[in-house]
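*Asks:* Handing you this structure, nothing more for now.
Derivation of every value follows stated rules applied to the coordinates shown; laboratory data play no part. Since we're looking at a predicted model, the values are computed, not measured. Neighbour counts run over all protein chains shown; Cβ positions are idealised from the backbone, glycine included.
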């Protein structure tokens, strides 16, 4: 029978491997797609078109008003009942991206609104179209404002990826479950997984600080 120390050491690499090939790629893919969705929804919310703005409001309300676990189950277990079957990994990415899109949309919208109106006028003065002003002047400044809340959203997403274990996606927590079931050391393995999640989040927080400093140059003073 393995000692506690031997079990910790032998399980470390499988757990880290689960994070490297499962948790982190899943979080990155979901967050990237979620940001694209969020930007589109944020711009729709800011649109003068009432139908477009209303649809964006409904999307945000649905995402923020329903549990992520339910959204995940609807996509993986619910859609097959109407003939739409999606594999575990794509299901997880879609569900997480939709969820990120709903929360990050409001962050991006608030960040865009925080940019002084004079910046829009400055773009117009030098001959830029509204789209060019948004892309070249407004969004870079809004990015700096949105980094802290978006970083928090990403860190939360990294932890939320553990829910993917419920739809057969092998990631960090799923690996911990497998080893714990084999060894019966549930507390030990789950605590070890929690420490790895914590280390990942610490690294992400450090990266957030670096990114904030680099984006400082885009802030109008």
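*Asks:* Quick one: if you stick a label point 7 Å off each Cα along the C-beta vector at residue 50 and residue 62, how many nm between them?
*Replies:* Each label point lies 7 Å from its Cα, and together they span 2.2 nm.
*Asks:* Over the chain, with a Gaussian network built from C-alpha contacts below 10 Å, which listed residue (167, 108, 98) shows the highest mean-square fluctuation?
*Replies:* Result: 167 has the largest fluctuation of those listed.
*Asks:* Rank these for me by crowding, 120, 13, 5, going from fewest to most other beta carbons within 10 Å.
*Replies:* Arranged by neighbour count, lowest to highest, 120, 13, 5 become 5, 13, 120.
*Asks:* For residue 87 and residue 114, FRET efficiency with R0 = 30 Å and r from the beta-carbon atoms, rounded to 0.05?
*Replies:* 0.15
*Asks:* Given the options 151, 17, 184, which has the most mean-square fluctuation in a GNM of the chain, springs set between C-alpha atoms less than 10 angstrom apart?
*Replies:* Among 151, 17, 184, the largest GNM mean-square fluctuation belongs to 184.
*Asks:* Relative to the present Cα-Cα distance, how much length would full extension add between residue 77 and residue 17 at 0.36 nm per residue of separation?
*Replies:* The residue 77-residue 17 span can extend by a further 18.9 nm.
*Asks:* A further question follows. How large is the helix-only mean residue ellipticity at 222 nm for the chain, computed as the sum of -39500 (n - 2.57) over DSSP H runs with n ≥ 4, divided by its residue count, in deg cm²/dmol to the nearest 500?
*Replies:* The helix-only estimate for the chain comes to -24500 deg cm²/dmol at 222 nm.
*Asks:* Below 8 Å between Cα atoms, with a sequence gap of 6+, how large is the relative contact order for region 4-218 in percent?
*Replies:* Details: 230 pairs, mean separation 61.7, N = 215.
About 29 percent, as a whole number.
*Asks:* To one decimal place, what orientation-averaged projected area in nm² is obtained for the convex hull of the Cα set of the chain?
*Replies:* The orientation-averaged projected area of the Cα hull of the chain comes to 14.9 nm².
*Asks:* Another question, then. Pairs of Cα atoms under 8 Å, at least six residues apart: use those to get the relative contact order of region 126-221, whole percent.
*Replies:* In percent, rounded to a whole number, it is 39.
*Asks:* Taking springs between alpha-carbon atoms closer than 10 angstrom, which of 119, 177, 71 fluctuates most in the Gaussian network model of the chain?
*Replies:* 119
*Asks:* If you rank 197, 77 by fewest surrounding Cβ atoms within 10 Å, what's the result?
*Replies:* Working: 197 20, 77 12.
Ascending Cβ contact count within 10 Å gives the list 77, 197.
*Asks:* May I ask you to sort 23, 161 by Cβ crowding, counting other Cβ atoms within 10 Å and putting the fewest first?
*Replies:* 161, 23
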